[in-house]
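Have a look at the structure below, then the notes.
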């Protein structure tokens, strides 16, 4: 009985122990709930469900107060005390549990063999597990001694309790009282110096991530109409992107070893624009002249040309960067080439933007410093250089609008190909959503999946990010801890996917006029899927069934040939296979296919999620 | 319930008699005020019948240096006033500690636990 009372007292006191504040966030949705952030699991959430994100305010403030500490690298006395009390209670709990085990084990053996009658005292002296727990408890006692200087009052209360007949219960009670007091102090600390940020983001596997609205945390727009379950496949923005990609890739498919002619032409146009820009700005000449100036300054006996040399070198480096910038389409596979093109566009655009910002300033500074040097000592070479750089700076300023427009166009082209999730999932967005902590506000919020604007597809990910910040006197935030939790959008029973765009390779199975083998053609797929609760592996594989429709070209006699086929697909309609009929050519065909846009995005996103 | 008092050697019993009992012993050697204070604290801490107290504990104050048995004396050597010695149930000396004025109930509990193995 006494042991049970002790257990209850310890449990009560241990419940007040600190943990990571972000673990005080609870997720609750239709089919489940989860405490804290667990990166290893990605629970499914129904497409038409709501995700409640509940924050246990009192506990969060206490734990946040402990983590925020005193704002320095050195733990505050409060943190140290909390850590000591927590560690001591854990050690007492472990010792208590080990004692119970020993007592139970001896009692059981004695009951089974009344003649032997093992000595409880001997068992307690010799049980190795109990000895280990006792050693842990002793280390807890040693830690407790540190309280003597940090918090003499609590130390005295605990120390006194060791003179009572129920020492450990009294000690646990004294510690519990102190932990309650500490909680209040920690909550005040957290309210004075903390902030909590929460964001939600939809991360589709085949498109850029988009921010979602969490009431009380951001102003992200929501859909004015609430989505309801539909059972007919619809054509949406993703379908259009996919079918466009399929058409682009048809040419790639015809010649798998080279990037399409259209694409090459676009690249050529861009490269020409770059070259034209360089010519009109005479950057090649400028680079040579700046190099010549640098050489002259270096070889000069004058000692006052240090600033000129620094400015000329900086300007030359930027001009050199501009001159060496080229769009590249290297790569051993088409996917790699496309990715390289996207990266190259971004890099080029960035180089142009850097140049447009830096070069005029650098050149003007160079001209000013050169003018000063000329004023100090007349120098024909320097005078010539000054005139040259002033002209170059003026040229840059005159062309700057065109310059920036070209850079922006390149940037948007690059981003179109390499749309990623950086912005929506950025730390800046999380910090912008941070709310100052106080004792009165409820930090809970809800994500209503029915009001997400734009397309939402089954197997899209929803990522909830949270961060605790330390707030200084000026309101500046410093991230103290952060975590994220992903959910995957799912529907159940039989449901339609939106119409998918794909590239199929149609192999005629009837006698036709032309010699065709696996003809690549863009196709639309009307797919339905099945989803089962409690079967995440099946749902991730996403087996679908449906019909595909494609414009085929089996015969020279028909201008339009429509193919209808029945088929199945797996992995969110990444791989297609089926059998159908060309209605005009009156020929059957077998097809395999894929979704090129999804395929490329999978390369970028690092695989199926 | 009155607090248990330490056994005083040689007033109450001889040290041999005390050590003959199957207990964990904490012997405080000395007759100073601090030694008496420590012996009383040890007596309080020894009064335990739960949570580890199943191994019986006994606090002893030896007020006369001559009352220390030759065997113990040989093992621990000189014992300035106050010195705390803990012994296992089988009589093995675990520790001999000189008081620095900072020893309190928590230290005594720790020493009892150490000897209880």
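Data table
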{"read-out": "Filter pass, residue B:110 being within 13 Å of another protein chain (Cβ to nearest Cβ) and touching a helix residue (DSSP H, G or I) at 6+ places or on another chain (Cβ under 6 Å)", "value": "yes"}
{"read-out": "Residue B:102 being at pLDDT below 90, within 14 Å of another protein chain (Cβ to nearest Cβ) and either crowded, with 21+ Cβ neighbours inside 10 Å or within 13 Å of the chain's Cα centre (by Cα) (or both)", "value": "no"}
{"read-out": "Any hit, region A:173-194, residues being more than 14 Å from chain B (Cβ to nearest Cβ), outside any helix (DSSP H, G or I) and within 35 Å of the chain's Cα centre (by Cα)", "value": "yes"}
{"read-out": "Hits in region B:6-51 - residues which are within 14 Å of chain A (Cβ to nearest Cβ), farther than 22 Å from residue B:80 by Cα and assigned to a loop (DSSP other than H, G, I, E, B)", "value": "B:21, B:22, B:23, B:47, B:48, B:49, B:50, B:51"}
{"read-out": "Qualifying residue in region B:72-87 (condition: within 14 Å of chain A (Cβ to nearest Cβ) and either over 18 Å from residue A:166 (Cβ atoms) or outside any helix (DSSP H, G or I) (or both))", "value": "yes"}
{"read-out": "Residue in region A:497-518 that is surrounded by fewer than 21 Cβ atoms within 10 Å (Cβ to Cβ), within 30 Å of residue A:194 (Cβ to Cβ) and at pLDDT 90 or above present", "value": "no"}
{"read-out": "Among residues of region A:105-122, those that are away from every other protein chain (no Cβ under 13 Å) and in a helix (DSSP H, G or I), counted", "value": "6"}
{"read-out": "Residues (within 7 Å of chain B (Cβ to nearest Cβ), without any contact (Cβ under 8 Å) to a residue 60 or more places away in the chain and within 51 Å of the chain's Cα centre (by Cα)) located in region A:143-166", "value": "A:145, A:159"}
{"read-out": "Residue B:19 in contact (Cβ under 8 Å) with a residue 60 or more places away in the chain and more than 30 Å from residue A:157 (Cα to Cα)", "value": "yes"}
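The values are calculated or read from the model by the stated rules, or taken from the named source; none is laboratory data. Note that the coordinates shown come from a computational prediction; the quantities given were computed from them, not determined experimentally. Cβ sites come from the backbone with ideal geometry, for glycine too, and all protein chains shown count toward neighbours.
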